[in-house]
1. Taking segment 347-390 as the region of interest, how many residues are in a strand (DSSP E or B), in contact (Cβ under 8 Å) with a residue 60 or more places away in the chain and of a type outside the set (A, V, I, L, M, F, W, C)?
2. Spot the failing condition for Ser100; the list is (1) surrounded by 15 or more Cβ atoms within 10 Å (Cβ to Cβ); (2) closer than 29 Å to Met230 by Cα; (3) of a type in the set (S, T, N, Q), and only one is missed.
3. Quick check on this structure: which one of Ile63, Ile71 is in the same structural domain as Tyr121 (by TED's automatic domain parsing), surrounded by 13 or more Cβ atoms within 10 Å (Cβ to Cβ) and β-branched (Val, Ile, Thr)?
4. Can you tell me which of Phe282, Phe264 is under 20 Å from the mean Cα position of the chain (by Cα), buried (at least 19 other Cβ atoms within 10 Å of the Cβ), under 17 Å from Thr243 (Cα atoms) and of a type in the set (A, V, I, L, M, F, W, C)?
5. Of the residues Glu261, Glu231, Glu272, only one is without any contact (Cβ under 8 Å) to a residue 60 or more places away in the chain and not basic (Lys, Arg); which?
6. Could you please find all residues in segment 124-154 being at pLDDT 95 or above, of a type outside the set (Lys, Arg) and part of a helix (DSSP H, G or I)?
7. Residues that are touching a helix residue (DSSP H, G or I) at 6+ places or on another chain (Cβ under 8 Å) and assigned to a helix (DSSP H, G or I): does segment 193-211 have at least one?
8. Considering only residues of segment 74-97 that are of a type in the set (S, T, N, Q) and outside any helix (DSSP H, G or I), which is surrounded by the fewest Cβ atoms within 10 Å (Cβ to Cβ)?
Amino acid sequence: MLPVYIASDNIITSLGNTTTRNMEALKAGRIGISIHTDPLLFPSPLPLSLVDTGLVEEQFQAILEHHQKKIDPGDFTRLEKLLIISIHEAICKLSYNFMSRKTLFVLSTTKGNIELLEARYQGRFPHRRIFLWEMARIVGDFFGFVHPPLIISNACISGIMALLTAFRYLRSGNFDHAIVSGGDILTEFVISGFQSFQSLSPTPCRPYDAGRDGLSLGEGAGTMVLTTRMENKPANHVRVTGTATSNDANHISGPSRTGEELSFAILNAMLEAGLSARDIGFINAHGTATPFNDEMESKAIVLAGLTEVPVNSFKGFWGHTLGAAGLIESVAAIHSLQEQQLIRSAGFESLGVPEPIHVIVNNEEKQMKSCLKTASGFGGCNAAIVFEKV
């Protein structure tokens with residue numbers, strides 16, 4: 001099987017529109033979740049993690065000029081702009097020929113252009129723009145990718161599933177490169193849906209903490225460029241070496257009560273990577289700060305024999321970014337690995353899960369060669385992916 005390298009990346013969150021700015025914010029301990037009072041999103045004040053719209057418009061205009069496109073920015077939705085910006089930032093520094101039949105474009109999202117259902121957007125875009133395949137086509141056509149986009153929409157594991165899918169396509173030799181991008185935005189539909197579950201915290205979320213009382217929603221986009229071309233591997237490069245998925249079939253929204261199924265995905269990803277527990281430098285877990293998710297994850301981590309491995313969640317910094325979460329958090333985990341630094345789990349003070357996992361309280365340096373990223377989502381889906389510094 002061909003080795004799969006990570007050639008480039010970008011993340012866009014409330015903490016910044018580049019990977020560098022986000023990593024600087026994480027290391028400095030800055031939180032991107034704040035109280036918002038937009039009645040178009042929710043009728044009462046709510047902690048949210050929102051991307052700077054003004055900065056998005058400015059960047060998108062610059063990208064139109066860069067690509068010499070005479071297009072009205074109003075012809076694109078907010079999410080389409082986020083995805084295009086993220087992809088542009090990831091590929092502009094590379095010299096590869098992405099306009100060939102050897103390039104795969106994979107897009108992950110949970111809700112896509114869901115805001116087009118709202119009355120204020122009626123008539124602004126064709127009705128079919130609400131479909132995920134049409135939104136993905138618009139983004140792919142902007143760059144001129146040869147193949148139709150491959151769309152992954154599998155609840156909150158969508159981002160990791162997109163990476164897993166691209167990884168397997170590349171290892172088979174069918175493609176040389178894969179551009180994997182994911183995004184979601186916050187809308188009235190999304191927020192009201194989570195509120196109906198009574199799963200939103202009135203304060204910034206606190207993954208794994210004894211006082212956690214729900215999640216914080218965020219929006220963003222992330223892109224990762226994967227390649228099998230040995231001559232294209234970047235300095236200080238990282239490989240994807242193991243992936244796995246599972247489903248616990250427990251409940252439409254509630255996770256497994258035992259953690260066995262997530263531990264199954266973790267162990268199989270480690271097996272494929274050829275690594276044992278002592279090889280894993282840290283785990284960047286899903287960590288939504290809901291009572292049942294964090295409890296289940298603690299059980300899965302212990303069942304997988306990873307009790308002593310440091311664990312963090314980035315959701316305390318920028319919230320749960322839905323279909324973008326797996327990609328955004330994977331990029332941050334990779335850069336943590338490259339920089340040999342563990343990032344604290346924001347919002348955590350004292351352990352509030354039933355198993356004694358080792359949640360990272362303070363940033364610290366650590367020599368390590370690999371890390372594990374996990375995710376779980378509605379419908380009982382679970383995913384795990386191993387990144388290894390070569």
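The values are calculated or read from the model by the stated rules, or taken from the named source; none is laboratory data. None of the values given here were measured: they were computed from a predicted structure. Cβ coordinates were reconstructed from backbone atoms using ideal geometry, including for glycine residues, and neighbour counts include every protein chain displayed.
1. 8
2. Failing condition for Ser100: (1).
3. Ile63
4. None of the others qualify; the one that does is Phe282.
5. The conditions single out Glu231.
6. Result: Ile130, Leu132, Trp133, Glu134, Met135, Ala136, Ile138, Val139, Gly140, Asp141, Phe142, Phe143.
7. For segment 193-211, residues touching a helix residue (DSSP H, G or I) at 6+ places or on another chain (Cβ under 8 Å) and assigned to a helix (DSSP H, G or I): absent.
8. By that ranking, first place goes to Ser95.
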